[in-house]
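Novice: Quick one: the structure is below, and I'll ask about it shortly.
The values are calculated or read from the model by the stated rules, or taken from the named source; none is laboratory data. Computed from a prediction, not measured in an experiment: that's the story for all the values here. For neighbour counting, all protein chains shown are included, and Cβ atoms are generated from backbone atoms with ideal geometry for every residue, glycine included. To get the accessible areas, we keep the full protein, side chains included, count just its heavy atoms, and leave off ligands, DNA and RNA. Shrake-Rupley method; radii C 1.70, N 1.55, O 1.52, S 1.80 Å.
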Amino acid sequence: MAARNDQAGRSVLRRFLQSEAAGGIILMGAAALAMLVANLPGISEAYFHLLHLDTGPVISPKYGSMTVHLWINDALMAIFFLFVGLEIKREFIDGQLATWEHRRLPIVAAAAGMVGPALVYLFITGWSGPLVNGWAIPAATDIAFAIGVLALLGKRAPASLKLFLTTVAIVDDMGAVAIIAVAYTASLSTLYLALGALVMAAMYVLNRSGVKGLTPYLLLGAALWYFVFMSGVHATIAGVLTAMMVPITTSPGACDDAESPLHKLEHALAPWVAYLIVPVFGFANAGVSLAGMSPAILLAPLPLGIAAGLFIGKQVGIFGSIWLAAKLRFATPPGGATWLQLYAVAMLCGIGFTMSLFIGGLAFPGNEELVDEVKIGVLSGSILSAVIGYTILRFAPRWREGSSGDADRAG
């Protein structure tokens, strides 16, 4: 009997870990735990001390001694960006974004979903001044968090909406990577950029020569990380650049090719990214001490600009662009869903947790007070988007074929 109960327990755990909601739920738990630990007397000091603990040599004079926080944000997150890069490449070559017909709506929606939040943020914080550098913080969508919320709804969220949200988030990730590489890079080292280019050239030669083994690409990717880290460009970009060089074997109309190097690496990284890397990042970056703060902090320009950008800018930008694209017959909205359901999904895109926190750290480096305000803005905007988006989808009437016209259904 004990063995049977143990097996049942393992089965429940296995089913949870294999579900779409698992990654998002674990991330939510990590964020909540970070906020709790950061505000518990006695424990909070240990939490912040651990994050700033020196744990390595001085790799670059620009960064000083490597700390736990630096290893997480610059090294561990490089693996996250490698995974993101693999997803982007697969979708554009062998997935839902392989044709221009399928790309049009996600690209338009993602672009509008980045411009809208940035404009709202700048409108609230000002178009010049010390806060202008944070314009990109509310522009990103956290795919794990958003998909996790959708998965909790089960059949109340049509599969077409899950697919649409995923593709928009992937295109959104491309925009976020470009922003990090261009907008948050200050001084550059020509020498290390040249060395990084040589590593990229070596990976390109391997790819064109038909080398399928992953080991050479990963070793060269580690060297690329070092050169990018030293160059002044944020080191996580090395993960995306490495992903672009990993070979892919296409399988149109079928499941992923089991022998494709890209698919092998993506599947191998997926559980580590979802259940370790992203939660660790969330735990290390979501914690903010509320000691001495009043509720009025939510109305300060920085947190208010971020929260409004995520909650208002995202839904207006994405939903407005979808509606306009449909009216102009430029693209067809996802089928099997009502306009209300589509609006709720646009709101879920306002969950910017991981990428928004990451960009926030780049926007105000070394300014702990502003970084804490970023965290408050990101958390409040993301939670508001998640709760209201979930609530609308939970109670929204589902589309039934033949039961409503174009005024009621999206596609």
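Novice: Can you tell me which residues in region 64-76 are free of Cβ contacts under 8 Å to residues at least 60 places away in the same chain and either more than 21 Å from V240 (Cα to Cα) or open to solvent by less than 60 Å² (accessible area, probe 1.4 Å) (or both)?
Specialist: Step one: filter region 64-76 for residues free of Cβ contacts under 8 Å to residues at least 60 places away in the same chain, giving 64-67, 70-71.
Listed by number, the residues that qualify are G64, S65, M66, T67, L70.
Novice: Here are the criteria: (1) in contact with a helix residue (DSSP H, G or I) (Cβ under 8 Å, 6 or more places away or on another chain); (2) part of a loop (DSSP other than H, G, I, E, B); (3) modelled with pLDDT under 90; (4) closer than 24 Å to I107 by Cα. Tell me which single one D406 does not satisfy.
Specialist: Tallying (1) in contact with a helix residue (DSSP H, G or I) (Cβ under 8 Å, 6 or more places away or on another chain); (2) part of a loop (DSSP other than H, G, I, E, B); (3) modelled with pLDDT under 90; (4) closer than 24 Å to I107 by Cα, D406 fails exactly one: (1).
Novice: Same structure, new question: Do you know which residues across region 91-105 are crowded, with 16+ Cβ neighbours inside 10 Å and either of a type in the set (D, E, K, R) or at pLDDT 90 or above (or both)?
Specialist: E91, D94, R103, L105
So that you can scan it fast, the table gives a plain yes or no per residue for (1) crowded, with 16+ Cβ neighbours inside 10 Å; (2) free of Cβ contacts under 8 Å to residues at least 60 places away in the same chain; (3) in contact with a Pro (Cβ under 8 Å, 6 or more places away or on another chain); (4) not acidic (D, E):
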site	(1), (2), (3), (4)
I306	yes, no, yes, yes
F311	yes, no, no, yes
F319	yes, yes, no, yes
K327	no, yes, no, yes
P333	yes, no, no, yes
A337	yes, no, yes, yes
M347	yes, yes, no, yes
I351	yes, no, no, yes
S356	yes, no, yes, yes
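Novice: Residues in region 263-272 that are over 16 Å from L218 (Cα atoms) and buried (at least 21 other Cβ atoms within 10 Å of the Cβ): how many?
Specialist: So the answer is 0.
Novice: Follow-up. Given the criterion open to solvent by less than 40 Å² (accessible area, probe 1.4 Å) and touching a His at 6+ places or on another chain (Cβ under 9 Å), identify the matching residue among V228, V240. I'd like the intermediate steps shown before the answer.
Specialist: Numbers: V240 fails: touching a His at 6+ places or on another chain (Cβ under 9 Å).
Exactly one residue qualifies, and that residue is V228.
Novice: Starting from region 275-292, take each residue that is open to solvent by 60 Å² or more (accessible area, probe 1.4 Å) and list its partners that are in a loop (DSSP other than H, G, I, E, B) and not charged (D, E, K, R), counting only C-beta distances under 6 angstrom and pairs at least six apart or across chains.
Specialist: L290/N39
Novice: Hey, another quick one. Please give the number of the condition I79 fails out of (1) open to solvent by less than 50 Å² (accessible area, probe 1.4 Å); (2) under 24 Å from A235 (Cα atoms).
Specialist: Exception for I79: condition (1).
Novice: Separate question: Tally the residues that are buried (at least 16 other Cβ atoms within 10 Å of the Cβ) and either more than 12 Å from N133 (Cβ to Cβ) or of a type in the set (D, E, K, R) (or both), restricting the search to region 178-192.
Specialist: In the first step, residues of region 178-192 are kept if they are buried (at least 16 other Cβ atoms within 10 Å of the Cβ); the result is 179-181, 184, 189, 192.
Restricting the remaining residues to those that are either more than 12 Å from N133 (Cβ to Cβ) or of a type in the set (D, E, K, R) (or both) gives 180-181, 189, 192.
Here the count works out to 4.
Novice: Turning to a different aspect of this structure: For region 210-223, state whether one or more residues are over 26 Å from the mean Cα position of the chain (by Cα), within 25 Å of Q96 (Cβ to Cβ) and open to solvent by 20 Å² or more (accessible area, probe 1.4 Å).
Specialist: Yes - at least one qualifying residue is present in region 210-223.
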